[in-house]
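The values are calculated or read from the model by the stated rules, or taken from the named source; none is laboratory data. No experiment lies behind these values; they were computed from the predicted model shown. Cβ coordinates were reconstructed from backbone atoms using ideal geometry, including for glycine residues, and neighbour counts include every protein chain displayed.
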Amino acid sequence: MSQQPDHAPRAPYGPLPGRGAVRPITRWGTEVMHRPNRPVTTYDEALRSLVADMVATMYAADGVGLAACQIGVDLAVFCFDCPDESGIRTVGVVCNPVVEVPEGRGRALDDGEEGCLSYPGAFVECARPDSATVTGTGLDGESVTFEGDGLLARCLQHESDHTVGTVFGDRLANRARKKLTKEHDKTAPEFPPGWPAG
């Protein structure tokens with residue numbers, strides 16, 4: 001899931017904060033990745049600085065989304081820069097996300113491949129609803145809502161999961177999880193400790 005920098009993205013709540021520092025990505029198995037993260041209650045320069053580091057790290061790792069726990073910070077916030085089904089990119093930041101997906105007759109599943117920067121180099125099919133809406137707050141505490149289909153729907157669900165301590169491997173059957181582990185282990189030398197920083 002690499003970036004698509006060719007077209008200006010949709011930024012309904014403003015651009016992503018810049019000038020952040022690239023940090024090492026926290027891996028699955030670390031405690032902060034597997035428990036609900038603390039809600040954001042203070043909207044200040046420290047939060048903006050944290051998100052700037054998240055953005056820089058996401059881009060350095062060629063990702064389309066990153067949650068704070070993925071750089072070891074216990075805070076329920078994520079950033080993203082991700083295309084939807086039509087290829088239009090949307091960028092945003094969501095604190096304290098709540099995700100909604102279609103239920104009943106309106107529900108259709110997309111069983112496309114999924115990967116995670118905290119378990120790099122591995123991708124397997126993971127069925128998720130093909131559209132999603134996420135609500136929460138932005139960097140200044142304002143209410144925000146993002147919705148999308150395609151990869152954007154997958155990203156919004158994946159990153160919201162991180163804030164409640166769920167990694168996408170938790171959603172896989174044993175066979176798919178074994179395949180994911182095998183792929184991860186095979187590519188591990190490409191993602192040394194400290195990646196993508198340094």
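Some observations on this one:
- Selected residue [in a loop (DSSP other than H, G, I, E, B), among the polar types (S, T, N, Q) and within 17 Å of ILE25 (Cα to Cα)] from THR187, THR166: THR166
- Answer residue from region 162-198, given it is in contact (Cβ under 8 Å) with a residue 24 or more places away in the chain and among the acidic types (Asp, Glu) and is surrounded by the fewest Cβ atoms within 10 Å (Cβ to Cβ) among those: GLU190
- Those residues of region 11-52 which are more than 23 Å from PHE168 (Cβ to Cβ), surrounded by fewer than 16 Cβ atoms within 10 Å (Cβ to Cβ), touching a residue at least 12 places away in the same chain (Cβ under 8 Å) and not small (Gly, Ala, Ser), in sequence order: PRO12, PRO15, ARG19, TYR43, ARG48
To keep it simple, each residue is scored yes or no on (1) in a loop (DSSP other than H, G, I, E, B); (2) at pLDDT below 95; (3) more than 17 Å from PHE146 (Cβ to Cβ).
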residue: ALA46; (1), (2), (3): no, no, yes
residue: LEU50; (1), (2), (3): no, no, yes
residue: THR57; (1), (2), (3): no, no, yes
residue: ASP62; (1), (2), (3): yes, no, yes
residue: PHE80; (1), (2), (3): no, no, no
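- Test: residue in region 147-159 that is free of Cβ contacts under 8 Å to residues at least 12 places away in the same chain, of a type in the set (D, E, K, R) and farther than 26 Å from PRO193 by Cβ: no
- When region 72-83 is filtered for residues that are surrounded by fewer than 22 Cβ atoms within 10 Å (Cβ to Cβ) and either among the polar types (S, T, N, Q) or within 24 Å of ALA122 (Cβ to Cβ) (or both), the ones remaining, listed by number, are GLY72, VAL73, PRO83.
- Matching residues in region 5-42 - criterion: being under 16 Å from the mean Cα position of the chain (by Cα) and among the hydroxyl-bearing types (Ser, Thr, Tyr): THR26
- Restricting region 100-150 to residues that are surrounded by fewer than 21 Cβ atoms within 10 Å (Cβ to Cβ), aliphatic (A, V, I, L, M) and in a loop (DSSP other than H, G, I, E, B), the residue that is modelled with the lowest pLDDT: ALA108
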